[in-house]
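Let me begin by presenting the structure, written as structure tokens, before commenting on it.
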Amino acid sequence: MKKIFKHLAILALTAVTFTACEKDEVKSTVSAGTAATLSASADNVVMDKTLLDKDVITFSLQPATFGYDAAVDNILQLSPKGQNFENPKEVILDANATQKTYKGLDFNNLLLALNLSTATSTDVEVRLKSSVSSKIDAVYSNVITIKAKPFPLTAWVYVPGAYQGWDPTTADSLISATGNGVYVGVIPFDGGNFKITPQKKWDVAYGDAGGGKISTSGGDISSGSAGAKEVTVDLNNNTIAIKPLVWSIVGDGTQVGWPPASGPYDEQDMKFINDGKGLWKKTITLVNGAIKFRKNHDWGTNFGGDGNGNLTGDNIPVTAGTYTITLDIPNNKYSIVKN
């Protein structure tokens, strides 16, 4: 019997020893990581609108290792030189990626997010942060430095004309959200003429060159008739297009009543905000009732709401008071805020 107990004790001790060795072996494989190596295809990137849809820079990496086979999370960090990556802009790379290539538009947006100067080049430091677990310290690649100069994507031209007294300093604007030379906006014309100026002054002005074309030697451009018009100016091809576009507030909550199926009606037109967000706004005094939104003074396209800011087909109940109403067509939203 003593021999049996002795053999059992030896077996138990062997199992414990084996288990301990196994744990030690696992521990030894979870080691501090070896950092990735980072490189870039360019060391000087000067952005302009011709590069928006082109590849402008590629970051390549030799992945970090942590002593065992595990998914490594890689984050590209960018920071102006001298800030020691205190508040870097970060880009999460795809799993197992060994390269990150940027088109001009995306890289320009990233540079603008760093608040870089658009007038001169700035040194930007780039590194790769690699990690496998919150319990293991991340490792950082070598730091590379590139010179970069973004350009302001958003650009405007201005529309002085009879509707506002022919004053370019106070004229409404058309916006190019991506700086691609195509400008769009909605102008509340009075039926008179207008011109297009790249700046809020008369140094350069585009006028009517006939056949939908504009030129700096052209005459006044006709708005055709009174009312809000969407104006699209393409300065790459020197063309202009004008079409009616307005959203209005209708309903017995407007103090006017519901419009008929056809015929003249005193619509409560909204004002388009030419800032690239696609919003229409109006401050209006309402009475108890309901309202809807309709396009171009016609029932062909109209929206109500669900009471929670989402556009639907239902009438929107309102109570008496003065409100600022915002219509967000791109996001299918609206808001009614009491003043």
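The values are calculated or read from the model by the stated rules, or taken from the named source; none is laboratory data. Quantities reported herein were computed from a predicted structural model and do not represent experimental measurements. Virtual Cβ from ideal backbone geometry, glycine too; neighbours counted across all protein chains shown. Protein only, heavy atoms only, side chains kept; ligands, DNA and RNA dropped before computing areas. Shrake-Rupley method; radii C 1.70, N 1.55, O 1.52, S 1.80 Å.
Some points to look at:
- The condition (being open to solvent by 40 Å² or more (accessible area, probe 1.4 Å), at pLDDT 95 or above, more than 30 Å from T154 (Cβ to Cβ) and polar (S, T, N, Q)) is satisfied by just one residue among T322, T301: T322.
- Qualifying residue in the stretch 89-100 (condition: out of contact with any Leu (no Cβ under 6 Å at 6 or more places or on another chain), surrounded by fewer than 16 Cβ atoms within 10 Å (Cβ to Cβ), under 17 Å from A148 (Cα atoms) and modelled with pLDDT under 95): yes
Matching residues to (1) open to solvent by 30 Å² or more (accessible area, probe 1.4 Å); (2) more than 14 Å from V124 (Cα to Cα); (3) touching a Leu at 6+ places or on another chain (Cβ under 8 Å):
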residue	(1), (2), (3)
G33	no, yes, no
L51	yes, yes, no
K54	yes, yes, no
I57	no, no, no
S60	yes, yes, yes
P63	yes, yes, no
Y68	yes, yes, no
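- Tally, over the stretch 111-126, of residues that are surrounded by fewer than 20 Cβ atoms within 10 Å (Cβ to Cβ) and outside any loop (DSSP other than H, G, I, E, B): 5
- Residues (aliphatic (A, V, I, L, M) and either without any contact (Cβ under 8 Å) to a residue 12 or more places away in the chain or open to solvent by less than 30 Å² (accessible area, probe 1.4 Å) (or both)) located in the stretch 204-228: A205, I214, I221, A228
- G289 being on the phi < 0 side of the Ramachandran plot, over 26 Å from the mean Cα position of the chain (by Cα), of a type in the set (G, A, S) and surrounded by 15 or more Cβ atoms within 10 Å (Cβ to Cβ): no
- Close pairs (9 angstrom Cβ cut-off, 6 or more residues apart or separate chains): free of Cβ contacts under 8 Å to residues at least 24 places away in the same chain in the stretch 264-293, open to solvent by 60 Å² or more (accessible area, probe 1.4 Å) and of a type in the set (A, V, I, L, M) anywhere: D266/V256; Q268/V256
- A single entry from N115, N96, N44, N109 fulfils the requirement of being on the phi > 0 side of the Ramachandran plot and within 26 Å of the chain's Cα centre (by Cα): N115.
- Test: residue in the stretch 247-262 that is closer than 30 Å to T197 by Cβ and either modelled with pLDDT of 95 or more or open to solvent by less than 60 Å² (accessible area, probe 1.4 Å) (or both): yes
- The condition of being aliphatic (A, V, I, L, M) and more than 23 Å from N180 (Cβ to Cβ) holds for only one of A70, A148, that being A70.
- As for the stretch 210-217, it holds no residue that is out of contact with any strand residue (DSSP E or B) (no Cβ under 7 Å at 6 or more places or on another chain), in a strand (DSSP E or B) and within 22 Å of T285 (Cα to Cα).
- Put simply, of K282, K243 the only residue that is in contact with a Lys or Arg (Cβ under 7 Å, 6 or more places away or on another chain) and loosely packed, with under 14 Cβ neighbours inside 10 Å is K243.
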